[in-house]
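**Q** A single structure is presented below for examination.
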Amino acid sequence: MVNSLTDLAAERPALAALLVQPPSRVAAAGAYATMLDLVARGVLAVDAAAGTVQAPQPDPAGLAPFEKHVFDAVVAREPGRSGPIPLGAIDLGSPEQSRQWHQRFTDLLGETAIARGLVRPRAPLGVRVVLWIVFTVLWVGAVAVAWQAGRPQLGIGVVLAACLVSLPLRWLKRLVPHGRGTQLAAGYARLRAEPGMGPGDPRLAYAVAVGAGPPSLGTSPFAYGKQAFAWSRRDGTWRRVAVVDGRGFSFGWSPWAALGSLIPAALFFGIWLVLLRMFSADLDVGQVADLWLVLLLGAGWVLWVLAVVGLARIGWRGLHDAVHPARVVAGPVIWLESDIDEENTTYRVAVDDGADVAVRYQIAATLYHQLRKDQWLRLEVTPKLGHVRRAEIVDR
C-alpha cells in the first residue's frame, strides 16, 4: 500500500470512497475518511487515548466544499468550534436531518468528482430524458386504455408494474468511474489497512475510504445507527447519558385516554368473565377426558386475572396523573427519533435534565421538526404515564 499511495494520493480519500463503495455507504465511509484526512493534514487533531477530536483553528481556509461539510459537522456541537469533542458526540441530528446531511455530502462529493473527470452518470442526461418521456407515455397510455375498457383493476396493476420498472431507470443517474477514475478505482480497491496505522497516518484515510475500520477509533461517527446512549454537555463538560424508553406500553398516554380505555376494556373482559364462569360451571373435573379443558380454562383464568391487574394499573396511573400536577423536565436536547409505520408516525425526544438516564418522550410533529441537538427544551410531563402536557424551546 505504501508504494501505491504515491500515485493514488493525488485525489482526496473521500473520492476513493465514491469510486469504490456502493451508493449506500459512500457518505459514511467518505465522511469518516475526510475527517481522518483532515487529521493527517493538521486541520483536525485526534486524541486516540481520550477518544476526542478537536480543531486547532475554528475556521480553516482552503477546504473543498465536501471537506467543509464534514468539518462543520465535527465542530458543530462545541462552542467556539475549537474544544475537544468525543468522537461519539459527532451528531448529524434527527434521522431526517442525518439523511439530508448524507445526501448533501454525496452531492458535493459527486460535483467535485465530475469536475475532476473521475465519474459520470451511467447514462447521459439526454438519454435519460428520452427514456423517461417514452416510459411515461407508455404507462399513462396503458392506464388510459385499461380504464376506457372498463378494467380499472388492470390499470392499477399497470401503475404498480410501472413503479417496479422505473427502478432501473433511476439507476441510470448513478455516478460510475470514468476515464482516470476507472484506473484509480482499481487501485483503491486493492488497498488494505496495515498494522501500525493510526490517526495522523495519511494511509489510514484511504484504507477507511475503501471499507477498513480503524481499530483505535471504532466505527464511523457519520454512519447510520441507533445507540443506547447520547453525549451531552449540559454543564460545560462532555458526559455520556443513557437513553431509555418509559416503562409500560401505555407510557405517553394522556390521563384521560388511559381512563377512557377502561370502558371498552371493561366490557370486553366482562364478557370474558361470563364465558369463563359458564364453561367452568359445566366442566366435570372428575372426567379424565376433560383434562385438556381444565388446562385450557385454567390458562383462560390466569390470562384474565393478569389482564385485569394490568388494566387496574393503567387506570390507577391515569387517575393519579389526572389529579396531580405535571413535573418539569428541562435540559439540552440529546436525542431525536421518529418511528414511521403504516398508520402514523410518532416523534420522540430526550433531554439531559442532569440525571444519569434520559427518558424518551413523545412530542408533536411540529415541535420535532423545529428542534436541533443541544437546544434547551422545557417539558411538563405527567408523573406516571409520562405524557407531555406542554413543551417549549427555551433559552438556557
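**Q** Does residue 207 meet the test of being of a type in the set (A, V, I, L, M, F, W, C) and at pLDDT below 80?
**A** In short, no.
**Q** Another question, if that's okay. Return yes when residue 67 is buried (at least 20 other Cβ atoms within 10 Å of the Cβ), of a type in the set (Asp, Glu) and part of a helix (DSSP H, G or I) and no when it is not.
**A** Criteria met by residue 67.
**Q** Taking residue 394 as the residue in question, decide whether it is in contact (Cβ under 8 Å) with a residue 60 or more places away in the chain and touching a Gly at 6+ places or on another chain (Cβ under 9 Å).
**A** Answer is no for this residue.
**Q** Checking residue 216 against (1) out of contact with any Gly (no Cβ under 9 Å at 6 or more places or on another chain); (2) assigned by TED's automatic domain parsing to the domain that holds residue 28; (3) modelled with pLDDT under 70; (4) of a type in the set (Gly, Ala, Ser): exactly one of these is not met. Which one?
**A** Of (1) out of contact with any Gly (no Cβ under 9 Å at 6 or more places or on another chain); (2) assigned by TED's automatic domain parsing to the domain that holds residue 28; (3) modelled with pLDDT under 70; (4) of a type in the set (Gly, Ala, Ser), only one is false for residue 216: (1).
**Q** Can you tell me how many residues in the range 36-49 are closer than 22 Å to residue 119 by Cβ and without any contact (Cβ under 8 Å) to a residue 60 or more places away in the chain?
**A** Qualifying residue count for the region: 0.
**Q** Looking only at the range 315-337, count every residue that is touching a strand residue (DSSP E or B) at 6+ places or on another chain (Cβ under 7 Å) and surrounded by 14 or more Cβ atoms within 10 Å (Cβ to Cβ) and tell me the total.
**A** Number of matching residues: 10.
**Q** A further question on this structure: Contact list please: Cβ distance under 8 Å, first residue in the range 50-77 and within 24 Å of residue 107 (Cα to Cα), second residue modelled with pLDDT of 90 or more and hydroxyl-bearing (Ser, Thr, Tyr), pairs at least six apart or on different chains.
**A** 64/112; 65/112; 66/34; 66/112; 67/34; 70/34
**Q** Could you tell me whether any residue of the range 93-104 is in contact with a strand residue (DSSP E or B) (Cβ under 6 Å, 6 or more places away or on another chain), over 27 Å from residue 189 (Cα atoms) and free of Cβ contacts under 8 Å to residues at least 24 places away in the same chain?
**A** no
**Q** Something else about it: Please work out which one of (1) more than 28 Å from residue 118 (Cβ to Cβ); (2) surrounded by 12 or more Cβ atoms within 10 Å (Cβ to Cβ); (3) modelled with pLDDT of 75 or more is the condition residue 154 fails and give its number.
**A** For residue 154, the failing item is (3).
**Q** Collect the residues in the range 8-32 that are outside any helix (DSSP H, G or I) and surrounded by 15 or more Cβ atoms within 10 Å (Cβ to Cβ), keeping them in residue-number order.
**A** Across the range 8-32, the qualifying residues are 9, 11, 12, 21.
**Q** Still on this structure: Give the residues of the range 220-241 that are buried (at least 18 other Cβ atoms within 10 Å of the Cβ) and not charged (D, E, K, R), sorted by residue number.
**A** Result: 220, 221, 222, 230, 231, 232, 238, 241.
**Q** Taking only the range 79-92 into account, find how many residues are in a helix (DSSP H, G or I) and either without any contact (Cβ under 8 Å) to a residue 60 or more places away in the chain or in the same structural domain as residue 332 (by TED's automatic domain parsing) (or both).
**A** Residues meeting the conditions: 3.
**Q** Being under 16 Å from residue 36 (Cα atoms) and not charged (D, E, K, R) is the filter here; which residues of the range 71-88 pass it?
**A** Within the range 71-88, 71, 73, 74, 75, 84, 85, 86, 87, 88 qualify.
**Q** Looking at (1) loosely packed, with under 12 Cβ neighbours inside 10 Å; (2) within 13 Å of residue 392 (Cα to Cα), which one does residue 312 not meet, given that it meets all the others?
**A** Against the list (1) loosely packed, with under 12 Cβ neighbours inside 10 Å; (2) within 13 Å of residue 392 (Cα to Cα), residue 312 comes up short only on (2).
**Q** Just checking, does the range 33-45 include any residue being under 16 Å from residue 103 (Cβ atoms) and surrounded by fewer than 23 Cβ atoms within 10 Å (Cβ to Cβ)?
**A** no
**Q** A follow-up question, please. Scan the range 363-396 residue by residue and report those that are of a type in the set (S, T, N, Q), more than 16 Å from residue 332 (Cα to Cα) and surrounded by 13 or more Cβ atoms within 10 Å (Cβ to Cβ).
**A** If the condition is that a residue be of a type in the set (S, T, N, Q), more than 16 Å from residue 332 (Cα to Cα) and surrounded by 13 or more Cβ atoms within 10 Å (Cβ to Cβ), then 382 is the only one that fits.
The values are calculated or read from the model by the stated rules, or taken from the named source; none is laboratory data. Computed from a predicted model, the values in this text were never measured in an experiment. In this analysis, Cβ positions are derived from the backbone assuming ideal geometry, glycine residues included, and neighbour counts consider all displayed protein chains.
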